[in-house]
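Colleague: First, the structure itself, so that you have it in front of you.
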């Protein structure tokens with residue numbers, strides 16, 4: 001059983017979160033707390049494995065709780081719950097710096113809060129199983145000649161945990177992740193993934209060159225476009241260009257934009273991966289990769305929270321393989337190693 005303490009100043013949120021978590025037989029909600037002071041007392045008394053931590057609370061907020069928990073010898077795993085505001089985006093990033101293990105966005109419409117059940121439970125289970133990597137291998141940075149692109153949306157972050165934590169440090173490619181997420185929160189996602197991956201993970205920057213051994217998370221609010229960057233050895237590399245072009249499929253960054261531009265530059269040295277996600281974003285981009293001679297895979301439906309994006313690619317007959325989540329990192333390594 002995973003012992004969970006729910007911390008939130010809203011009675012409604014405490015009640016709903018307790019109800020959602022209580023539906024999973026492997027989770028035991030051992031208590032709730034209404035603010036930071038109450039939380040610290042209950043953490044010491046109840047010894048939870050995981051806490052869900054609201055950021056903005058009276059008396060003592062979530063950031064102040066994290067500052068105190070730094071002195072604990074065996075603190076619980078911490079899942080922050082953030083609202084979709086620029087202020088909470090800043091505090092989420094600060095919370096990760098202070099030791100929070102992961103974060104999750106609350107729906108804008110609290111009436112839809114019950115829709116987060118699967119993601120909430122999945123994240124809590126991941127916190128228990130995925131270790132942090134405290135030391136990364138020394139990787140000689142050089143321009144990438146191969147490119148792996150991953151697209152995801154609803155239900156994607158826990159899958160990204162599994163994939164990036166299993167990639168090998170000798171991967172001869174750059175990796176670009178485009179996850180549908182509001183502006184301000186992709187930096188926190190990159191920092192979170194950087195803790196659990198043997199490779200360096202960072203948010204994209206405009207005009208930066210794609211390097212081997214680096215995973216780039218598309219910056220929220222911009223499309224990530226891959227532009228050509230000729231290399232001194234006569235081969236082709238790539239660089240990141242941020243675009244404020246109109247949203248595609250009502251999102252920016254859009255997976256289609258990244259996939260299509262990456263395929264144009266890297267051709268058969270491109271690999272596209274689609275994980276869980278709602279809507280059709282990514283289907284057209286996978287077709288570009290397939291037509292360019294690259295490798296295309298989607299995750300199995302039973303592993304997904306939502307199968308819209310993967311299904312869109314399948315309907316276009318642009319998918320080489322449908323794989324289980326745990327098989328994807330191995331397939332990435334195998335394909336990249338086969339490229340001449």
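Colleague: Filter the range 248-295 down to residues that are in a loop (DSSP other than H, G, I, E, B) and touching a strand residue (DSSP E or B) at 6+ places or on another chain (Cβ under 7 Å), then give me how many there are.
Modeller: 9
Colleague: Follow-up. Please determine whether any residue of the range 156-169 is touching a helix residue (DSSP H, G or I) at 6+ places or on another chain (Cβ under 9 Å), crowded, with 18+ Cβ neighbours inside 10 Å and part of a loop (DSSP other than H, G, I, E, B).
Modeller: yes
Colleague: Now a separate question. With the checklist (1) assigned to a loop (DSSP other than H, G, I, E, B); (2) free of Cβ contacts under 8 Å to residues at least 24 places away in the same chain in hand, flag the one item residue 207 doesn't pass.
Modeller: So the condition that residue 207 fails would be (2).
Rundown of residues vs (1) outside the structural domain of residue 77 (by TED's automatic domain parsing); (2) surrounded by fewer than 14 Cβ atoms within 10 Å (Cβ to Cβ); (3) closer than 25 Å to residue 87 by Cα; (4) in contact with a helix residue (DSSP H, G or I) (Cβ under 6 Å, 6 or more places away or on another chain), yes/no style:
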site: 8; (1), (2), (3), (4): no, no, yes, yes
site: 12; (1), (2), (3), (4): no, yes, yes, no
site: 26; (1), (2), (3), (4): no, yes, no, no
site: 33; (1), (2), (3), (4): no, no, yes, yes
site: 41; (1), (2), (3), (4): no, yes, no, no
site: 55; (1), (2), (3), (4): no, no, yes, yes
site: 64; (1), (2), (3), (4): no, no, yes, yes
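Colleague: Evaluate the following for residue 335: is it over 12 Å from residue 256 (Cβ atoms), buried (at least 19 other Cβ atoms within 10 Å of the Cβ), touching a strand residue (DSSP E or B) at 6+ places or on another chain (Cβ under 6 Å) and in contact (Cβ under 8 Å) with a residue 12 or more places away in the chain?
Modeller: So residue 335 passes the test.
Colleague: Go through the range 210-247 and give me each residue that's assigned to a loop (DSSP other than H, G, I, E, B) and in contact with a helix residue (DSSP H, G or I) (Cβ under 6 Å, 6 or more places away or on another chain).
Modeller: Within the range 210-247, 219, 220 qualify.
Colleague: Kindly check whether there is at least one residue in the range 277-285 that is touching a helix residue (DSSP H, G or I) at 6+ places or on another chain (Cβ under 7 Å), closer than 20 Å to residue 161 by Cα, surrounded by fewer than 21 Cβ atoms within 10 Å (Cβ to Cβ) and at pLDDT below 95.
Modeller: yes
Colleague: Starting from residues that are surrounded by fewer than 24 Cβ atoms within 10 Å (Cβ to Cβ) and either closer than 19 Å to residue 334 by Cβ or outside the structural domain of residue 211 (by TED's automatic domain parsing) (or both), keep the ones in the range 144-155 and report whichever is farthest from the chain's Cα centre (by Cα).
Modeller: 145
Colleague: Could you go through the range 106-128 and let me know if any residue there is in contact with a strand residue (DSSP E or B) (Cβ under 6 Å, 6 or more places away or on another chain), modelled with pLDDT of 90 or more, part of a helix (DSSP H, G or I) and crowded, with 20+ Cβ neighbours inside 10 Å.
Modeller: Looking through the range 106-128, at least one residue is in contact with a strand residue (DSSP E or B) (Cβ under 6 Å, 6 or more places away or on another chain), modelled with pLDDT of 90 or more, part of a helix (DSSP H, G or I) and crowded, with 20+ Cβ neighbours inside 10 Å.
Colleague: Among the numbered criteria (1) more than 24 Å from the chain's Cα centre (by Cα); (2) more than 20 Å from residue 106 (Cα to Cα); (3) at pLDDT 95 or above, which one does residue 49 miss?
Modeller: Result: residue 49 passes all but (1).
Colleague: Residues in the range 179-196: is at least one within 24 Å of residue 295 (Cβ to Cβ) and part of a strand (DSSP E or B)?
Modeller: yes
Colleague: Let me spell it out: the conditions are (1) surrounded by fewer than 24 Cβ atoms within 10 Å (Cβ to Cβ); (2) more than 20 Å from the chain's Cα centre (by Cα), and residue 251 meets all of them except one. Which number is the exception?
Modeller: (2)
The values are calculated or read from the model by the stated rules, or taken from the named source; none is laboratory data. None of these values were measured; they are calculated from a predicted model. Every residue, glycine among them, receives a Cβ derived from its backbone with ideal geometry; neighbour counts consider all protein chains shown.
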